[in-house]
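The values are calculated or read from the model by the stated rules, or taken from the named source; none is laboratory data. Just so it is clear, the model here is predicted, and its values are computed rather than measured. Here Cβ is always computed from backbone atoms with ideal geometry, including for glycine, and neighbour counts include all displayed protein chains. Surface areas here come from the heavy atoms of the whole protein model, side chains and all, with no ligands, DNA or RNA. Shrake-Rupley method; radii C 1.70, N 1.55, O 1.52, S 1.80 Å.
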Amino acid sequence: MAVGARSGHGEPERRPGRTDEPSGELSGEPSGGDTPREARSQAAGPGQDATTVTSSETPPSEDGAGHGGSDGEGRGARRDEPKKQRSFWKELPLLIGIALVLALLIKTFLVQAFSIPSESMQNTLQRGDRVLVDKLTPWFGSKPERGEVVVFHDPGGWLGESPAADNGPVASGIQKVLSFIGLMPSAEEKDLIKRVIAVGGDTVECKGNNEPVTVNGKALDEPYIFPGNTPCGDKPFGPIKVPQGRIWVMGDHRQDSLDSRYHQELDRFQGTVSEDEVVGRAIVVAWPVNRWSTLPVPGTFDQPGLSAAAAVAPPAFGLAGAVPLVLWRRRRNLRKAAGSERSIVVVPAAKG
């Protein structure tokens, strides 16, 4: 019987320097500590995991493959090492490119900045103001409405042939770049900004003196008109029926605005502007900061009966309701007449 079983390791005891003679040690460990590691691994008895014995004493290799925990820790340490950050100057062109693309998309589909070049919209807008124009809602079928301040392309002949200012090659180049991304107005584009007074189907008129502008017979109360101006004292007009798909526009500074009133003879549309020429609605005065404000629709354009469709609606509904009633009465009278004819009794003549 082997006495090494008392060690609890299932490994036979051996004397120092001998491989064939059991020792009297109880610990199961070699007394001199000179037994080779391979010999201890090979001597593992039944039930003893030689791999466990070997791995418990084998130091991890350089790459951590000698021990499961050391291997995991080594690989984890390599994974946790922070990646080298790119230089700011290498990332700067990418950031600028992304910013330009976003600015171009915003200008094309969302909002665009415009500069006010004249006093025709005082006091609502001052020369030099920057306004933000909503370009998103027209993509969803939105049409200009009465009372809105809109930017539109020159319909032709409104601005005349004014020579472009020569600011030098550097300034012109900067303006072209900024206008391309929507931060400055373009020097080539000829745009105007006015208030919509009437839309397609409306009848607009102003008799002059201090008489108000009327839309479909309703007088407009216009508190936004420049102080001291009359609604159209310098240029009476109408009545004008605005064609469908077009708008009638006027500036708030009535005595300093060459608007629809002054272009009635240009073409057959009598000074109206096509909805297709409208860039968008001005919604905010964004610059200068002390002029920041929104541009809502005045309450006078919400008065009942102003819409041409609303004015036609009551007679139309009355006619629609009267037609079924007339037809019902006619059928009833026909049925009564037919019944009367059937009730007539023919009496034969008596024989002589």
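Numbers at a glance
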| quantity | calculated |
| --- | --- |
| Cross-chain or 6+ apart pairs with Cβ under 9 Å, region 114-132 first and closer than 11 Å to Val151 by Cα and open to solvent by less than 50 Å² (accessible area, probe 1.4 Å), then among the basic types (Lys, Arg) and outside any loop (DSSP other than H, G, I, E, B) | Phe114/Arg130; Ser115/Arg130; Ile116/Arg130 |
| Total residues in region 238-256, condition of a type in the set (Gly, Ala, Ser), over 9 Å from Phe226 (Cβ atoms) and assigned to a loop (DSSP other than H, G, I, E, B) | 1 |
| Exclusive hit being of a type in the set (Ser, Thr, Tyr), closer than 22 Å to Gln126 by Cβ and in contact with a helix residue (DSSP H, G or I) (Cβ under 9 Å, 6 or more places away or on another chain), set Thr272, Thr230, Thr294 | Thr230 |
| Residue pairs meeting the criteria (Cβ under 6 Å; at least 6 apart or on separate chains; first touching a residue at least 24 places away in the same chain (Cβ under 8 Å), in region 218-242; second open to solvent by 70 Å² or more (accessible area, probe 1.4 Å) and charged (D, E, K, R)) | Pro236/Lys207 |
| Filtered residues of region 278-301 (kept if open to solvent by less than 60 Å² (accessible area, probe 1.4 Å) and of a type outside the set (A, V, I, L, M, F, W, C)) | Gly280, Pro288, Ser293, Pro298, Gly299, Thr300 |
| Residues (open to solvent by 20 Å² or more (accessible area, probe 1.4 Å), within 18 Å of Gly271 (Cα to Cα) and not in a strand (DSSP E or B)) located in region 201-215 | Lys207 |
| Matching residues in region 218-234 - criterion: being open to solvent by 70 Å² or more (accessible area, probe 1.4 Å) and either in contact with a strand residue (DSSP E or B) (Cβ under 9 Å, 6 or more places away or on another chain) or farther than 28 Å from Asp276 by Cβ (or both) | Asp221, Pro223, Pro227, Gly228 |
| Matching residues in region 235-256 - criterion: being in contact with a Phe, Trp or Tyr (Cβ under 8 Å, 6 or more places away or on another chain) and buried (at least 19 other Cβ atoms within 10 Å of the Cβ) | Ile240, Val242, Arg246, Val249, Asp252, His253, Arg254 |
| Residue within region 260-277 that is open to solvent by 70 Å² or more (accessible area, probe 1.4 Å), part of a strand (DSSP E or B) and either touching a residue at least 40 places away in the same chain (Cβ under 8 Å) or under 28 Å from Gly156 (Cβ atoms) (or both) present | no |
| Residue in region 133-141 that is touching a helix residue (DSSP H, G or I) at 6+ places or on another chain (Cβ under 9 Å), open to solvent by 50 Å² or more (accessible area, probe 1.4 Å), modelled with pLDDT of 80 or more and of a type in the set (Lys, Arg) present | no |
| Per-region count, region 222-242, residues of a type in the set (Asp, Glu) and modelled with pLDDT of 95 or more | 1 |
